[in-house]
Amino acid sequence: MKKRSDHIILDSKATFYRGFKKDAERIAHQYRELLELKKIDPLPASLLANYIGVDLKTPLDILGLREISLNDLYGKGSDSWSGVTLDTKFNEVVVIFNPKESKARRESTLMHEMSHIILNHKPSVIGSSKAVSIPLRNYDPVQESEASWLGSCLQLPRDMLLWCYKNKMNHNEIAKYSNASVKMVQFRINVSGVARQVSHWY
């Protein structure tokens, strides 16, 4: 489950297994290869979802909720949540996203939720809400951090960022190219080591 305030969720106390960050980059490249994309190409969340067999829905699509009922989904306003993964009675996996969010935030949310699926995370708790009777997946802090890291790599792999820098793209241009937020671009540039590497180019 991803709440709106958790646009980039990385628990400072969470510890990744050795080699996880390299694995995340490798996974981002592998899916591009499987989808016949280049390493530097954007990867739309809808394309990835279709490939791994995940349905992307809004609450109104799948639950038939009235607008006012969305306020109960997480016990807050309808604009306070980003996305959630659930299992239907037909053994299908569905990711419900908040249609009121920007495209960039929505892409981040979807990549985060699908990362849980790609990493085969097992929910620590199966929860529910007042608005729905379908089980909602809840993950522990380490799994949330792993999903956030992989999700960011799927959106902005290191090779793409280096290519963007070589083409003298600024952060706004990189964000537009990758369908990511500027905040996500800045985050990836910092944590991927790209900022340090390109500082020696000029």
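Here, each number is a calculation from the coordinates, and none is a lab measurement. Here the structure is a predicted model, which means the values were calculated and not measured. In this analysis, Cβ positions are derived from the backbone assuming ideal geometry, glycine residues included, and neighbour counts consider all displayed protein chains.
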Looking at region 151-191, which of its residues are touching a residue at least 24 places away in the same chain (Cβ under 8 Å), more than 23 Å from Q30 (Cβ to Cβ) and charged (D, E, K, R)?
-> K183
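For region 32-56, what are the residues that are under 20 Å from V95 (Cα atoms) and surrounded by 19 or more Cβ atoms within 10 Å (Cβ to Cβ)? Write out each step before concluding.
Residues of region 32-56 under 20 Å from V95 (Cα atoms): 43-56.
Of everything in region 32-56, those that are under 20 Å from V95 (Cα atoms) and surrounded by 19 or more Cβ atoms within 10 Å (Cβ to Cβ) turn out to be L43, A45, L48, A49, V54, L56.
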